[in-house]
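The values are calculated or read from the model by the stated rules, or taken from the named source; none is laboratory data. In this text the structure is predicted, and so the values were computed from the model without any measurement. Methodologically, a virtual Cβ is constructed for each residue, glycine included, from the backbone with ideal geometry; neighbour enumeration extends over all protein chains shown. Accessible surface areas use protein heavy atoms only, side chains included; no ligands, DNA or RNA. Shrake-Rupley method; radii C 1.70, N 1.55, O 1.52, S 1.80 Å.
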Amino acid sequence: MNSDKRELLRHTVATLAYRGGKAVANAPEGFDQFQANDSTRTPGQILAHIGDLLDWGLSIARGKQA
């Protein structure tokens, strides 16, 4: 991976960590279970999905898509 691509990846992951941390900082207990209606995901489900996407991306970067 060239230096520019590595720097972009580092910036992207750092941005996700920073913005994600801001979004959940000082969240009240139980916020992860909030559901606006029956057809929406809870915040906990959304965060789990983002984690799954990051794990999937890492597996691709390692050359073993899982």
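So which residues in the range 35-56 are open to solvent by less than 60 Å² (accessible area, probe 1.4 Å) and closer than 15 Å to Gly20 by Cβ, if there are any at all?
Looking only at the range 35-56, we keep the residues that are open to solvent by less than 60 Å² (accessible area, probe 1.4 Å), and these are 40, 42-44, 48, 51.
Selection gives Pro43, Gly44, Ala48, Gly51.
Residues are listed down the side, and each one gets a yes or a no for (1) of a type in the set (A, V, I, L, M, F, W, C); (2) out of contact with any Ser or Thr (no Cβ under 6 Å at 6 or more places or on another chain); (3) free of Cβ contacts under 8 Å to residues at least 12 places away in the same chain:
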residue: Leu16; (1), (2), (3): yes, yes, no
residue: Gly20; (1), (2), (3): no, yes, no
residue: Pro28; (1), (2), (3): no, yes, yes
residue: Gln33; (1), (2), (3): no, no, yes
residue: Asn37; (1), (2), (3): no, yes, yes
residue: Ile46; (1), (2), (3): yes, yes, yes
residue: Leu54; (1), (2), (3): yes, yes, no
residue: Ile60; (1), (2), (3): yes, yes, yes
